[in-house]
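A.B. asks: This is the structure, below, for whatever I ask next.
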Amino acid sequence: MIVFTDSQDFGSHLFPRTQWRSQGLSGLNIEDGSRFLAERMLEPQSIHFATEFSLGAWNSAFLVEHSPFSQFDLLVAACGRPLRFPNKIFCVAGSGEGFHGQRGRPWAAVKGNLHLSVMFQPQKIIPRFHVAFPLLAAVSVLETLDGLGEPNSRAGVKWVNDILIEGAKVAGFVTHTQSQEQEVKSVVLGIGLNIATAPPVPPDAFVPRVASLAHYLPGSEVCSLSQVLSTLLKNLDKNYHLILEGKIAPLLDFYRERSLVLGRGVRVMSDPISGDPQELAFGRVLHIGENLELYIEDRSAPVTQGRLILEE
């Protein structure tokens, strides 16, 4: 595995005791996809790297202290290029600009929190991949929080992709897949997790409160950025292999068990790019289907899209 960074201090903060070297890209034997990403994420005069590095099955990583653009967007754009990429790549930004969630909604990327983007290259048929990869992100984050102990084990998922603790949003994720029929070529996940700081987010009906893990475990070493990142990467790798083996059912069962909407009254609104949202459905959620659709009381058709408001 090769890891690139633009800051030895930031790289060592994430992965302590790493021995970094400085060298131009021209002297490295790496895939053209890795070279493409390194040239766009890092300034040539500030590239440091480490090769004697072991972190499970991950093949390449890019650690950027401050990114002026969304690493998720760069990985998505890279999927459309005829380049050879390692099978498993992850990128971390210490802070940044232009980061976003679903539908381009801004995500404040502030220092001390985790801003992780990953790319997989399945190159195989994956049934129901449009469900599998949101499940991968949600379950991996929840399992990571579980490992931190109370009260993080009370974290749950608000349909479709918000992770909440005690009603406050601590994490969210976005997904992108490039496929040809059922064969998935590339997958990109973007995960934001508030660890040290609750970013300033104006409250609204969809996200009334935000929080950070430090709010629930103040001063705890197990809440360090380094530890959370390492654990999350292991969970992502583990659950990714379940998907490759066709074992989506356990992930869906976990998602349902940790759902914050089952049995609750909800209001589902449309999610237009512009203009005001309109109400699509209202009522108590009875079931989450095989494709993450919501079955709502007294409604014949399931809800398959929209933004959800939890009713008190």
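The values are calculated or read from the model by the stated rules, or taken from the named source; none is laboratory data. Treat the numbers as computed from the prediction; the structure is a model and nothing was measured. All Cβ positions, even for glycine, are placed from backbone atoms using ideal geometry, and neighbour counts span all protein chains on display.
A.B. asks: Quick check on this structure: which one of Phe49, Phe53 is in contact with a helix residue (DSSP H, G or I) (Cβ under 9 Å, 6 or more places away or on another chain), at pLDDT below 95 and not assigned by TED's automatic domain parsing to the domain that holds Ser274?
C.D. replies: Phe49
A.B. asks: Can you name every residue in the stretch 113-132 that is in a loop (DSSP other than H, G, I, E, B), over 26 Å from Leu83 (Cβ atoms) and modelled with pLDDT of 95 or more?
C.D. replies: Of everything in the stretch 113-132, just one residue is in a loop (DSSP other than H, G, I, E, B), over 26 Å from Leu83 (Cβ atoms) and modelled with pLDDT of 95 or more, namely Asn113.
A.B. asks: Given the conditions (1) without any contact (Cβ under 8 Å) to a residue 12 or more places away in the chain; (2) assigned by TED's automatic domain parsing to the domain that holds Ala61, which single one is not true for Gln278?
C.D. replies: (2)
A.B. asks: Give me a count of the residues in the stretch 57-79 that are aliphatic (A, V, I, L, M) and surrounded by fewer than 22 Cβ atoms within 10 Å (Cβ to Cβ).
C.D. replies: Going through the stretch 57-79 one residue at a time, the tally reaches 5.
A.B. asks: Got a sec? Which of Pro86, Pro68, Pro44, Pro16 is out of contact with any Cys (no Cβ under 6 Å at 6 or more places or on another chain) and either free of Cβ contacts under 8 Å to residues at least 24 places away in the same chain or hydroxyl-bearing (Ser, Thr, Tyr) (or both)?
C.D. replies: Exactly one of Pro86, Pro68, Pro44, Pro16 is out of contact with any Cys (no Cβ under 6 Å at 6 or more places or on another chain) and either free of Cβ contacts under 8 Å to residues at least 24 places away in the same chain or hydroxyl-bearing (Ser, Thr, Tyr) (or both), namely Pro44.
Condition check ((1) within 22 Å of Ala57 (Cα to Cα); (2) modelled with pLDDT under 95; (3) assigned to a helix (DSSP H, G or I)) across all residues:
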position	(1), (2), (3)
Val157	no, no, no
Thr177	yes, no, no
Val188	yes, no, no
Ile191	yes, no, no
Val201	no, yes, no
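A.B. asks: Does Arg154 satisfy being assigned by TED's automatic domain parsing to the domain that holds Phe206 and either farther than 20 Å from Leu232 by Cα or in contact with a Pro (Cβ under 8 Å, 6 or more places away or on another chain) (or both)?
C.D. replies: Judged against the criteria, Arg154 is not a match.
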